[in-house]
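Engineer: One structure coming up, written as structure tokens, with questions to follow.
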Amino acid sequence: MPDSMELTVEPSVISIGGSARVQKSALQGLGIDDGGLAVICSEKKDMLLNVFPDNMLDDGIIKLRKVDMDKLSVQEGDKVKMVAHESILKKGLMDKLL
């Protein structure tokens, strides 16, 4: 299973930030559950978003809301990387801290 996926940004018409939409196959390819957390990485910043499947999108596309695009400093057509988010508990780091 790949640890990241490069996607092309398309703007969403929804104004409230905090989530993105991608092809279901992209979520499955990274082992992300529907509505799960993913780290979206641009050249300047990383952001944690909930990602949801949208089978109306072409492969390789991510629909980001304008507010999130601004925070990531990306525009339509830019490339971002999507990485599955692993909580500290999943990584087993909590055991090392205790």
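The values are calculated or read from the model by the stated rules, or taken from the named source; none is laboratory data. Computed from a prediction, not measured in an experiment: that's the story for all the values here. Cβ: placed from backbone, ideal geometry, glycine included. Neighbour counts: every protein chain shown. The accessibility values were calculated without ligands, DNA or RNA, using every heavy atom of the protein model including side chains. Shrake-Rupley method; radii C 1.70, N 1.55, O 1.52, S 1.80 Å.
Engineer: At a 1.4 Å probe, what is the % contribution of carbon and sulfur to the accessible area of the chain? Can you show the working numbers first?
Structural biologist: Working: 3180 of 6210 Å².
The nonpolar share, carbon plus sulfur, comes to 51 percent.
Engineer: Which values of log₁₀ I(q)/I(0), to two decimal places, follow from the Debye formula for the chain at q = 0.25 Å⁻¹ with a uniform point scatterer at every Cα?
Structural biologist: -1.36
Engineer: At 7 Å along Cα-to-Cβ for each site, give me the label-to-label distance between Thr8 and Glu86 in nm.
Structural biologist: It works out to 3.1 nm between the two label points.
Engineer: Starting from 0.36 nm per residue, how many nanometres of slack lie between Lys45 and Val67 once their C-alpha separation is accounted for?
Structural biologist: On the way: separation 22, 0.36 × 22 = 7.92 nm, distance 1.37 nm.
Full-extension gain reported as 6.6 nm.
Engineer: Give the calculated FRET efficiency between Asp59 and Asp33 to the nearest 0.05, with a Förster radius of 22 Å applied to their Cβ-Cβ distance.
Structural biologist: Working: r = 19 Å, r/R0 = 0.88.
Efficiency computed from Cβ-Cβ geometry: 0.70.
Engineer: To the nearest 20 debye, what is the magnitude of the charge dipole of the chain about its Cα centre, counting +1 on the Cβ of each Lys and Arg and -1 on the Cβ of each Asp and Glu?
Structural biologist: Details: 13 positive and 16 negative charges, 61 e Å.
Charge dipole of the chain: 300 debye, to the nearest 20.
Engineer: Another one. Measuring with a 1.4 Å probe in the full set of protein chains, what accessible area per residue, in whole Å², belongs to the chain? Walk me through the numbers before you get to the answer.
Structural biologist: Numbers: 6210 Å² over 98 residues.
For the chain, the solvent-accessible area averages 63 Å² per residue.
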